[in-house]
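Taken together, the values in this text are just the output of simple stated rules run on the coordinates, not laboratory data. Bear in mind that the values here come from a model prediction, so they are computed numbers and not experimental data. Glycine gets a Cβ as well: all are built from the backbone with ideal geometry, and neighbour counts include every protein chain shown.
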Amino acid sequence: MNATESPGMARLLRPHALSFAAVVLLQVIGAVAGLAPLLAVVELGRTLLSPGPLDHGHVWTVVIAGAAGLFVRLLFTSASSGIGHLVDGQVQLMFRRQLAARLGRVPIGWFSRRHSGELAKVVGDDVSAVHPFIAHTPGELVSAFVVPLVSLVYLFTVDWRLTLITLIPVVLALALVPLMMTPARLREQKAFDAAMGRITSSVVEFVQGISVVKAFGGSGRAHRRFVTAVDEFVGIFSRLVYGISGIGAGMQVALSPPFVLLVVLIGGTLLITSGSLAPADLLPFLLLGLGLTAPVAALGHGFDEMQAAQRAVGRIKDVLAVPSLREPAHPVAPRGSRVELRGVRFGYDDDHEVLRGIDLVLEPGTVTAVVGPSGGGKSTLVQLLPRFFDPSHGSVVLGGVDLRELGGRELYRSVSFVFQDVRLLRASVADNIALAVPHADLDDVIRAARMANIHERVLELPRGYDTVIGEDVKLSGGEAQRISLARALLADTPVLVLDEATSFADPHTEQAVRQALARLAGERTILVIAHRLETVADADTVVLLEDGAIVERGRPAELLARGGRFAAFWQSHRSPQGDER
């Protein structure tokens, strides 16, 4: 689905038009039937107050009619509500499926530019915000229009003057509605939604970093973003409440039963004392006058829910409009595992290029290490190979084929990757390792685990390879990296991308993994971000990246002997240390 096909509020209900029409029709019948008990009370009052003998048959007919109307109301409104909730479930399912499909096709690197709290709000809260609009608002809006309309028709047949007097509270309340929909109020509503998103995002980060905060006692500084988000929310919420509190209070007073009864009684008393209205005719205005205001009060909530749903759908549309990673109409298979970066330029925005004119060849059976200062573009460069991003200029070629001409399945059968920020599934160790090869047998899984030097640790877990990560055990950073490395080794792709896959490992484990990779180098094209100089020493080629450009490349010994910028970089990093991206 492209951006132009992203659903709006009208398109939202188009596939469910018949069901939604049934919701409205059933609600109309139920709303009209709901007036029968009130009209029955009015007729009983007139009958009981009229002179002459009491007609018991007429009285029972009126009572039965009122009870039947109540039964019809319950039956039809229940049916309307049930169908409305079914439609709501279908619409929410549609949204979540479309979001899942879209998020599964966007460049993976797009996620790194978004806060997890923002996406969680769209997929969770914003989709759920459609529920009141679909399941409840139709009934409220139908009642808000149908009940007053039918009531007014009846009241006008009794006395048109008192009918106009009874409408005074409704007119006063409706006159205040535009004040709640001014551009300033709408801006405050948008600011309120944005503030809620920032709080959600900051809470996620707050919880994820709580152990670090406690360990270093930096609660005041570390929580600053969370506290700032809360303070901003309080300020925005206060302005929103102060702006509408007076208007809302005025509407509540105008629609309150005491005020409505006061207006009707004053108007009715004047008409009765002047002899132009029979006392018994005041009764329908006292009953139906209150019925006029209750739906109008619900109307205000219905518009609030419509606006909230409209804003939520707008944010959902923004996510659905994110350009997906282009899939070729006729995928081409690569011929070999030679990787070339030809004149590659890339920037996350138009104002700043992260990579500037990268020309690089990775030969099969070699290890290429990328080094350089933090912020030089190393992580961005390696993320181009698994196609987390597409270059803005130039091309990345695998086996003579531009990555953009490879199908997604073919790409990930050719390129596997292990990054520092490892994410494991809440599944067994075996399933995590076999993620790319779901039908792999246990022997293959164990072989990959041995190569990644994690097999012995897995055997120590409560249920071995059946241990569920995150449920039976919580792995350390180094252990998680080795599980991820075993996953990549089991995938057995010709190209392997590593963002210092052993940065959390102890020296013994790191040495074992490096030896395993050295044995594999004859079969694979390996690109490594080197944060430790031991990795550089093992590489066939070293590339020094500064400010998005390659400034030196060659064999490690040759570059050291040259005494250039790489040699200076080597000397400044003689002690092993992590290099931030």
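First measure r as the distance between the Cβ atoms of residue 332 and residue 90, then evaluate 1/(1 + (r/R0)^6) with R0 = 30 Å and state the FRET efficiency to the nearest 0.05. Computed FRET efficiency for residue 332 and residue 90 comes out at 0.15. Label-to-label distance for residue 156 and residue 443 is 8.8 nm, based on points extended 7 Å past Cα in the beta-carbon direction.
Given R₀ = 56 Å, what would the calculated FRET efficiency be for residue 261 paired with residue 345, taking r from the Cβ atoms and rounding to 0.05? E between residue 261 and residue 345, to the nearest 0.05, is 0.15.
Here the ratio of the Cα radius of gyration of the range 309-376 to 2.2 N^0.38 Å is 1.71. Kirkwood radius, the range 243-291, all distinct C-alpha pairs, inverse of mean reciprocal distance: 11.9 Å. Once R0 is set to 25 Å, what does the formula 1/(1 + (r/R0)^6) return for the Cβ-Cβ distance between residue 426 and residue 100, expressed as a FRET efficiency to the nearest 0.05? Efficiency at R0 = 25 Å is approximately 0.90.
What the phi angles of the range 78-92 give under the Karplus curve with 6.51, -1.76 and 1.60, with θ = phi - 60°, is a coupling list of 5, 4, 4, 5, x, 5, x, 5, 5, 4, 4, x, 5, 5, 4 Hz, glycine and proline written as x.
Cα centroids of the range 22-58 and the range 158-192: 29 Å apart. Stretching the chain fully between residue 307 and residue 241 yields a gain of 22.1 nm (0.36 nm per residue, less the alpha carbon separation). Of the three principal axes defined by the Cα atoms of the range 50-102, the extents in descending order read 76, 15, 6 Å.
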